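What follows is a set of notes on a single structure, which appears directly below.
No lab work stands behind these numbers, since they all come straight from the coordinates. None of the values given here were measured: they were computed from a predicted structure. FYI the Cβ positions are ideal-geometry reconstructions off the backbone, even for glycines, and counts take in every protein chain you see.
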Amino acid sequence: MKTEDKYTDRELIDKVLNKETAIFELIIRRNNPHLYRIGRMYRFSHEDTQDLMQETYIEAFMHLYQFEDRSSFRTWISKIMLHQCYRKKQKWSSRYIQPLENNSKAFENLYNTETSIRVMNRELNSVIEKSLLNIPEDYRIAFTLREINGLSVQETSETLRISEGNVKVRVNRAKAFLRKEIEKYYIKEEIFEFNLIYCDEMVNRVMGKLIEI
């Protein structure tokens, strides 16, 4: 089980409220893909979406005590992201941005429909599958076992009969190869998936800002 999956949202929130600020990193990692898609669905650029995500996390951190479990935490933080997008959209010409309706129910209906997710990821998944075939075999197999099949580092190590450190090196190199292969088809701003490439960067950005608060 990944560390960020070990705790419920409520448990993470309670820890942060009890001054365990570092644990907020897990909240960021858990919600990065969802917030990123909101910004991209608003047709903001990759960079603008990252800025909006950072603002959303800071806002959520500052008002975390106000979360009352009336809805899921994902819905709560998504509303903050939607508000950030709406405010930024107001400063831009509607000619360039076609926003989602500023309505949480409309957003949830769109986001939670299997069809919208399938349409959004179908082409990218096809590109990823093709790109994986161009990665050196040792890296490709380690990546497949660890990231696609969901084996732990230890399980992957035992399966391939290599050290856990070697597993991590191979997976990281596979990600680097994969990123280069995908960017032959897409510029990075067009990729809606966030977790593999940009998650650590967002964690560092937000946690760095929280230190200043």
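What net charge do the residues around Ile135 carry, taking every other residue with its C-beta under 15 Å from that of Ile135, with Lys and Arg at +1 and Asp and Glu at -1? Walk me through the numbers before you get to the answer.
Values: positive: Lys130, Arg140, Arg146, Arg170, Arg173, Lys175, Arg179, Lys180, Lys184; negative: Glu129, Glu137, Asp138, Glu147, Glu181, Glu183.
Combined, the nearby Lys, Arg, Asp and Glu give +3.
Sorted ascending by nearby beta carbons within 10 Å, beginning with the fewest, Met53, Met207, Met41 become Met207, Met41, Met53.
By count of other Cβ within 10 Å, fewest leading, how are Arg170, Arg10, Arg179 ordered? Intermediate values should be presented prior to the final figure.
On the way: Arg170 22, Arg10 11, Arg179 14.
If I rank by nearby Cβ atoms, fewest first, I get Arg10, Arg179, Arg170.
In order along the range 159-167, phi translates into HN-Hα couplings of 5, 8, 6, 10, 6, 4, x, 5, 4 Hz, rounded to whole numbers, per the Karplus curve 6.51 cos²θ - 1.76 cosθ + 1.60 with θ = phi - 60° and x for Gly and Pro.
In order along the range 47-55, phi translates into HN-Hα couplings of 5, 5, 5, 4, 4, 5, 4, 4, 4 Hz, rounded to whole numbers, per the Karplus curve 6.51 cos²θ - 1.76 cosθ + 1.60 with θ = phi - 60° and x for Gly and Pro. The fewest-to-most ranking of Ile135, Ile38 by surrounding Cβ atoms within 10 Å reads Ile135, Ile38.
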